[in-house]
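A short worksheet on the structure shown next.
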Amino acid sequence: METNGNILMLVFKLLGSLALLMFGMKLMSETLQKMAGPQLRHVLGKMTTNRFTGMLTGVFVTAAVQSSTATTVMTVSFVSAGLLTLAQAISVIMGANIGTTLTAWIMTAGVNFKISDFVWPAFILSIILIYTKRHHNKGDFLFGVAFLFLGLGTLRQTGEDMHLGEQEAVLNFFSSFDPQSFSTTLLFLLIGGILTMCVQSSAAVMAITMILCSSGALPIYQGIALVMGENIGTTLTSNFAALTAPIQARRAALAHMFFNFFGVCWVLIVFYPFIDMVCQIAGYDSTMTKEAVGETAFLANAAKLNVVLATFHSAFNVINTFILIWFIPQIEKLVCKLLKAKDEKEDENEPVRLRYIEGGLMQTPEISVMQAQKEVVLFSKRMQRMFGMVRELLVEKNEEEFVKNFSRIEKYEGISDRMEIEIAKYLEEVSYAHLSDETKSKVRAMLREISELESVGDACYNLARSLNRKQQSAVDFTEDQYKHIGAIMQLTDEALTQMNKVMQGRREDLSSDETYRIEKEINAMRNQLKAQNIVDVNDQKYTYAIGTMYTDVINECEKLGDYVVNIVEARLG
């Protein structure tokens, strides 16, 4: 009974140390993105002029944030925004695969050296930094590093306590598979892929593989097969996550899977010679047996297996990139052929879908904010399109077409309400995560933007209702009234165009001066037209009723201009 209790406690320690490892990696990645997110996005946007700089950018960014997923998602978001081509994105993703191999080397250092004793001072220093406002991000990062190495240290100690290399049941299980059999390699490749999909972390599966190999329980060939399976499993996870994403995101995820799948295929062809070469580079003797050299020498040799695994992981991705980087145009054509795009022109009758955040939160909060920003930009464009429908409604003489256009505007008003609620709900969820001060400010600004954009939608609908009342009445605007309404609507549309220019541009490159100038012109025209309206009604050029509808339209255009100013101010801070 006591033995069973000890085994259960060791299993809990094993799972707990994996949880610490995964949490440490997540905290490190998120904190680095908070500290360097804008700079990394700038690097991704600028340093992808050709396939080689794109690949090097992917290596640099992934090594910095310790997350190939974060790099991939950022890259895909740039593709969706039209800032990168799919070919450039594929080169960055190739580099991300190389950059992520640094994680394996960090884990190798953590498993091979007893560093868990050094994490306690790191915890003390990190908690001090966290409570200082200026350095709290550095404290979070150090916390992540400490948790990572504590997890690795505990994992290493647990592996030693379990004496996996001396457990007959474990040894018999792995020895029951023929290491020279191709079917064994495929089986362990499948196991590695399934495990990675289940735990959603290739780093965790890599850590388990290192513990099993370094203890002498798992032969190197099966261990390498598990690592290959991890490379497939992590791409399957991203493909499942991209199912509800835009077409370019799905294509990038498919290219990522093709990259790793191709690598696994060529490694399987040269499996044993390639692994033997990696073993020689790492100084590991794959022919050594416990019976021939004794347990001490055997375990000392097995301890080098962590280096073998990390070396293989790096060699696999570097060689794979070197082969495929010359065929990026062909890969692009292949994924575009496999995933054919539907007509992506938005149907004005059914503009109901959110494009960038409908798949839920991204794995990294900073990128979730980027996706939300793009959704707000799309919201802004839709509102200008809605105003364009109002302008068409003004001059529409055909009764049937008038009713049809008014119905479309009604539908857009409902969509604007729904977009405000869904984007606000998304931003609320994002705000629960650890965000930099700059990103928190962006979230607050976006909440104000969507509120004002919804007001723009309301203003457009009010304009349409005023025109509809005029249509239902027995009277019509005079030619001068049509001319004046057309003029103020033209100014309002210019304000909306400037608003969209600001929404899509970089904050530091833009100014609100043009928006203020247009708003002053709208105000001046509104005052002039209202004063002239009183004179014209008194002169009986038209009835008081039609004059009221006329001023309603003029006032609503002026209100819409005010909402535009509020949006631009929120965007520019």
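The values are calculated or read from the model by the stated rules, or taken from the named source; none is laboratory data. Keep in mind it's a predicted model, so treat the numbers as computed, not measured. Note: ideal-geometry Cβ built from the backbone for every residue, glycine included; neighbour counts use all protein chains shown. For accessibility, only protein heavy atoms count, side chains too; no ligands or nucleic acids. Shrake-Rupley method; radii C 1.70, N 1.55, O 1.52, S 1.80 Å.
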Task: Failed criterion for Arg391 (all others in (1) part of a helix (DSSP H, G or I); (2) closer than 23 Å to Gly573 by Cβ; (3) open to solvent by less than 80 Å² (accessible area, probe 1.4 Å) hold) - done: (2)
Open item on the list: If a residue must be open to solvent by 50 Å² or more (accessible area, probe 1.4 Å) and either at pLDDT 80 or above or among the charged types (D, E, K, R) (or both), how many such residues does the stretch 106-129 contain?
Closed with: 8
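From the list Ala433, Ala474, which residue is touching a Pro at 6+ places or on another chain (Cβ under 6 Å) and either part of a loop (DSSP other than H, G, I, E, B) or of a type in the set (S, T, N, Q) (or both)? Walk me through it before giving the result.
Details: Ala474 fails: touching a Pro at 6+ places or on another chain (Cβ under 6 Å).
On inspection, the qualifying residue turns out to be Ala433.
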Open item on the list: Which pairs turn up if I take residues in the stretch 512-536 that are at pLDDT below 90 and look for partners that are among the acidic types (Asp, Glu) and part of a helix (DSSP H, G or I) with beta carbon separation below 7 Å, at least 6 apart in sequence or on another chain?
Closed with: Ser512/Glu569
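For the subset of the stretch 238-296 comprising residues that are outside any helix (DSSP H, G or I) and hydroxyl-bearing (Ser, Thr, Tyr), which member is modelled with the lowest pLDDT? Break it down stepwise before answering.
Of all residues in the stretch 238-296, those outside any helix (DSSP H, G or I) come to 245-246, 270, 283-289, 294.
Now narrow it down to the ones that are hydroxyl-bearing (Ser, Thr, Tyr): 284, 286-287, 289.
Numbers: Tyr284: 77, Ser286: 69, Thr287: 69, Thr289: 66.
The residue in question is Thr289.
Counting just the residues of the stretch 425-466 that are small (Gly, Ala, Ser) and open to solvent by less than 30 Å² (accessible area, probe 1.4 Å), which one comes out modelled with the lowest pLDDT? Steps first, answer last, please.
First, the residues of the stretch 425-466 that are small (Gly, Ala, Ser): 431, 433, 436, 441, 445, 451, 455, 457, 459, 464, 466.
Subset that is open to solvent by less than 30 Å² (accessible area, probe 1.4 Å): 436, 445, 455, 457, 459, 464, 466.
Details: Ser436: 70, Ala445: 90, Ser455: 93, Gly457: 92, Ala459: 93, Ala464: 92, Ser466: 90.
For the stretch 425-466, the residue satisfying everything is Ser436.
Residue under question is Met419, and the condition is that it be modelled with pLDDT of 90 or more and either in a helix (DSSP H, G or I) or open to solvent by 60 Å² or more (accessible area, probe 1.4 Å) (or both); does it hold? Show your work before the answer.
Numbers: modelled with pLDDT of 90 or more: no; either in a helix (DSSP H, G or I) or open to solvent by 60 Å² or more (accessible area, probe 1.4 Å) (or both): yes.
No, not satisfied.
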- [ ] Please give the number of the condition Glu399 fails out of (1) open to solvent by 70 Å² or more (accessible area, probe 1.4 Å); (2) at pLDDT 90 or above.
- [x] (2)
TODO: Tell me which residues, restricted to the stretch 397-416, are polar (S, T, N, Q), outside any loop (DSSP other than H, G, I, E, B) and either free of Cβ contacts under 8 Å to residues at least 12 places away in the same chain or in contact with a strand residue (DSSP E or B) (Cβ under 9 Å, 6 or more places away or on another chain) (or both).
DONE: Ser407
Open item on the list: Within the stretch 130-160, take every residue that is closer than 17 Å to Ile208 by Cα and open to solvent by 60 Å² or more (accessible area, probe 1.4 Å) and give me the one that is modelled with the lowest pLDDT.
Closed with: Glu160
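Where residues in the stretch 516-573 are part of a helix (DSSP H, G or I) and among the aromatic types (Phe, Trp, Tyr), which of them is surrounded by the most Cβ atoms within 10 Å (Cβ to Cβ)?
Our first condition is that a residue be part of a helix (DSSP H, G or I); within the stretch 516-573, this holds for 516-538, 544-572.
Filter again for among the aromatic types (Phe, Trp, Tyr), leaving 516, 544, 550, 563.
Values: Tyr516: 14, Tyr544: 10, Tyr550: 24, Tyr563: 22.
So the residue we want is Tyr550.
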TODO: Might you let me know whether the stretch 488-495 holds any residue that is loosely packed, with under 14 Cβ neighbours inside 10 Å, under 18 Å from Glu396 (Cα atoms) and not acidic (Asp, Glu)?
DONE: yes
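Would you pick out the residues in the stretch 496-513 that are open to solvent by 50 Å² or more (accessible area, probe 1.4 Å) and either assigned to a helix (DSSP H, G or I) or not polar (S, T, N, Q) (or both)?
Within the stretch 496-513, Thr497, Lys501, Gln504, Arg506, Arg507, Glu508, Asp509, Asp513 qualify.
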